[in-house]
Structures are given as structure tokens and as C-alpha cells.
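Since the structure comes first, as C-alpha cells, the remarks are kept for the end.
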Amino acid sequence: MTKSYRVAILGATGAVGTELLELLEQRNFPVSDLKLLASERSVGRTLQFKGENLPIESVSDRAFENVDLVLASAGGSTSKTWAAIAVEKGAVVIDNSSAFRMNPEVPLVVPEVNPQAAANHQGIIANPNCTTILMAVAVWPLHQVKSVQRIVAATYQSASGAGAKAMAEVKNQANAILQGHSPVAEVLPYPLAFNLFPHNSPLNDFGYCEEEMKMVNETRKIFGTQEIRITATCVRVPVLRAHSEAINLEFEEPFSPDEARDILSRSPGVKLLEDWESNYFPMPIEATGKDEVLVGRIRQDISHPHGLELWLCGDQIRKGAALNAVQIAELLVEKNLLKPAQVYVSR
Ligand code: A2P
């Protein structure tokens, strides 16, 4: 007899929510009961899980009764409203929003990097920002061998980071432009099709946007050090669902590209993809739908003897969000970190 769990997905109709549903099925997560929660707008709709049509319910206090695990991806304000209630009712919440990520009492977990942090949870575990997860998976194995002193990142972020409606908007904009019409921007601040713009999250007094500061602060929290200097420029590009990142790393001593290649070729969650002869390296269309972070174009930084350059692409909805959350859930199951009182045995 295997233990199985009563699971709720909060934000089940969204870009990440639907992927969570798919991943629970694909990875055969031990689900005994699944609740799909979203806003009032979605009541009456159904979504398929293991061949069964499940109704969408609107979120309420009662929705979290008899639930062991909540996978939340319905935005920060929704998480702030419901996470504590879900925990009070006895569930563990894995939250995809930024609401609790920097709370010192909430573990921020990338299973390939800091799985041990999950053990300290007090009901809520935060899933990091998507660009941060992808960078952390690629940089951590190198940092284990020679310590990283400074990271300079530039991101090329897909529309999916702004949700399912933003993805649909980019397609509509492309259609409009191809038919000679003006693109309409309602979800995103500016037309993204055939365009790009600096990430539109709020700016701080130093001119950094929130997304950039997430990369700085969350990476330090996940790596367990405040010592690494990190700077980033985040840009939204007209790609549907995989992010790309150009990353410059400065180590305490020289790090040969071949050694980095050798390490990354054996690192969990990473796939090395380089064909220098045909100039073939990771692309968002190839990362789409894949679990691994594709890494390539590893080269010596000619401007610094201790510098390495690398390029990566990763599926924003998958490893950048839903897959990482499901991997955290699997970790909780494996380490028995879903409280035993909340577990019951399936027949
Ligand atoms: P709904 O489809 O009913 O609006 P995305 O990130 O792709 O935009 O998805 C956001 C998800 O969060 C959707 O499932 C959406 O449900 C859900 N959501 C948004 N606001 C709320 C809310 N106030 N209460 C519950 N779910 C919400």
C-alpha cells in the first residue's frame, strides 16, 4: 500500500496551473483526491486529470478542508489571502508566487540546489522566481567546485511569465501585425510581438526592476550566502514559453570551460547542448516542454582571467515554475515532510 495525498491546485486554470495538473499525472504523483481551484470566473469549467473531467471550484475557506498539499499559482495577492488559511486547515502549501519567498521563516527551494531547506518548513514552501530557478540550476554545480564571486545576468524572458493571457495576447498581436493592423496590448504594457521591452515590474530607487532584484535576493537565499555579488538586466521577448539567459560568472580563481562543461554534463537538471562546428546552442523552442535547463556556449570571458560566459534556455512554465513545485512536493513525500497526521493510506 502506498501513501497518497489529497491535493489542491490553486490557480488550476492558469498557465502554470494546467502544467501542474499535467505533471502530477505524468510523474504519477500519489494523488488520492484532486481539487481544482480558481476564481468565480472559472466555475462551470472542467479540466481533465487521468481521463476524468474534474470541476473547477471557486476558492473558499472550505475548499482547503481535507487537503494535504496545496500547489498555489494564482498570483501573490491570492496566495497572501489563502495560504495561511490552507495551513491552518492542515495543508502544506507550495507557493509559486513571490508573496513569501523572502520571508526568513519560509524555505525557498530548488531541489537540485538546497533540498535540505525544505525540512524547515512551517506549512509554506516558496517556489522561486522562474529566471532565478533556471540560473540556480546551472550555476550551483560550478559554485560547488570553485566559488562564484560575481554574477552578471541578462535575461530574454518569454510571455508565459506574465500568464496564459499574455501568451494569447502575443499571438493575437502577431496575427494583427501580419494582417496590417495595429497590435493591441491589454495584459502586457506594450506590444510584444516583433518587439521587446525591459521587464515591466516596478522599479526601485537604484533603477532595478523587481524581477532583477528577485534574481539577486532569491539566488543568495537559495545558495545560502549573501556574499555573491549579482546584477541582472531582465527583458521580455516575443517568445511564448521558454526563457533564455546570458550569464557571466566571475570565480575566485580561473575556471576552464572544459572543466565547466564536464561538471555541467553530469549535473542534475542540466543538459549540455553545444555544437561549435555548426554554431548550434540552446534555443527557447528546444527548451519548450523539456524538464532540463539547456546550457551551452560555455567560454572563457576574454575580459577577465577568472570569468566564464554561458548561455541557457529553460521552459519557464515547467522547470521555471510547475516542475520545480512538483519536485518539491516529491521531495516532501520522499523525506516524509508532509505531516504524518495529514497522510492517509489509499486502498
Ligand atoms: P481564473 O482563470 O478563474 O481567472 P495565469 O498566471 O496564467 O494568468 O493564471 C492565474 C490563475 O490564477 C488562474 O487559474 C486564475 O483563475 C487564478 N486566479 C486569479 N485571481 C484569482 C483569485 N482572486 N482567486 C482565485 N484564483 C485566482
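Partners of LYS171 within straight-line reach, counting lysines whose Cα lies under 26 Å from its Cα and excluding those fewer than 8 residues away in the same chain: LYS290, LYS319. Note on LYS146: aspartates and glutamates with a C-alpha under 20 Å away, same-chain residues under 8 apart excluded, are GLU112, GLU227, GLU250, GLU252, GLU253, ASP258, GLU259, ASP262, ASP301, GLU309. Between VAL145 and ASN28, the C-beta separation translates, for a Förster distance of 30 Å, into a calculated FRET efficiency of about 0.30. Note on the chain: with charges restricted to the Cβ of Lys and Arg (+1) and Asp and Glu (-1), its dipole about the Cα centre is near 780 debye. At an R0 of 25 angstrom, the distance between the Cβ atoms of PHE194 and THR233 translates into a FRET efficiency of 0.75. Averaging the sequence gap over all C-alpha pairs within less than 8 Å and six or more residues apart, then dividing by the number of residues, gives the chain a relative contact order of 19 percent. The distance from the alpha carbon centre of the stretch 108-176 to that of the stretch 29-99 is 22 Å, rounded to a whole number. Ignoring lysines fewer than eight residues from LYS3 along the same chain, the ones with Cα atoms less than 22 angstrom from its Cα are LYS35, LYS50, LYS89, LYS335, LYS339.
Counted residue by residue at 0.36 nm each, then reduced by the alpha carbon distance between them, the extension gain from VAL187 to ILE302 reaches 37.3 nm.
Here the stretch 156-301 is assigned +1 on the Cβ of each Lys and Arg and -1 on the Cβ of each Asp and Glu. Its dipole about the Cα centre then comes out at about 620 debye. The antiparallel fraction among DSSP beta bridges confined to the chain stands at about 50%. With a cut-off of 14 Å between beta carbons, the residues surrounding LEU24 carry a summed charge of -2, where Lys and Arg count +1 and Asp and Glu -1. Helix 15-26 and the longest principal axis of the C-alpha atoms of the chain enclose an angle of approximately 80°. Shown in residue order for the stretch 167-173 are the 3J(HN,Hα) couplings computed by the Karplus curve 6.51 cos²θ - 1.76 cosθ + 1.60 at θ = phi - 60°: 4, 5, 5, 5, 5, 5, 4 Hz (x for Gly and Pro). Between THR46 and SER58, the simple spin-label model (points 7 angstrom out along Cα→Cβ) gives 2.1 nm. Placing dummy labels 7 Å off each Cα toward the beta-carbon, the span from ASN120 to LYS89 is 2.9 nm.
How would you classify the stretch 215-347 from its alpha-carbon gyration tensor, with a ≥ b ≥ c the square roots of the eigenvalues: rounded for a/c under 1.5, else prolate if a/b is greater than b/c, otherwise oblate? Since a/c reaches 1.5 and a/b is larger than b/c, the shape of the stretch 215-347 is classed as prolate. Under 5 Å from the amide H of TYR5 lie the amide H atoms of VAL31, SER32, ASP33, each residue being 5 or more positions distant or on a separate chain, with H modelled from the backbone and absent for Pro and chain starts. Residues whose amide H falls under 5 Å from that of ARG236, counting only those 5 or more places apart or on a different chain, are GLN157, PHE197, HIS199, with hydrogens built in the peptide plane. For the chain, the carbon plus sulfur part of the accessible surface works out to 50%, probe radius 1.4 Å. Rounded, prolate or oblate: pick one for the chain, where a ≥ b ≥ c are the square roots of the eigenvalues of its C-alpha gyration tensor, a/c under 1.5 means rounded, and failing that, prolate if a/b is larger than b/c, else oblate. It comes out oblate by the Cα gyration axes.
Using the 1.4 Å probe convention, the accessible area of the chain works out to 45 Å² per residue with neighbouring protein chains retained. Report, in degrees rounded to the nearest 10, the 0 to 90 angle that the Cα long axis of helix 323-334 makes with the longest principal axis of the chain. Roughly 60 degrees between the two axes.
Ranking of TYR156, TYR190 by solvent-accessible surface, largest first: TYR190, TYR156 (1.4 Å probe, protein heavy atoms only, all chains present). Need one word for the stretch 194-273: rounded, prolate or oblate. Basis is the Cα gyration tensor (sqrt eigenvalues a ≥ b ≥ c); a/c below 1.5 gives rounded, then a/b vs b/c decides. Oblate shape, in that a/c is at least 1.5 and b/c is the bigger or equal ratio.
Counting heavy atoms of the protein chains alone, THR233 has an accessible area of about 80 Å² for a 1.4 Å probe.
The values are calculated or read from the model by the stated rules, or taken from the named source; none is laboratory data. Small disclaimer: the values here were computed from a predicted structure and weren't measured. We place every Cβ from the backbone using ideal geometry, glycine too, and count neighbours over all the protein chains shown. When the accessible area is computed, the model is the full protein with side chains, heavy atoms only, and any ligands, DNA or RNA have been set aside. Shrake-Rupley method; radii C 1.70, N 1.55, O 1.52, S 1.80 Å.
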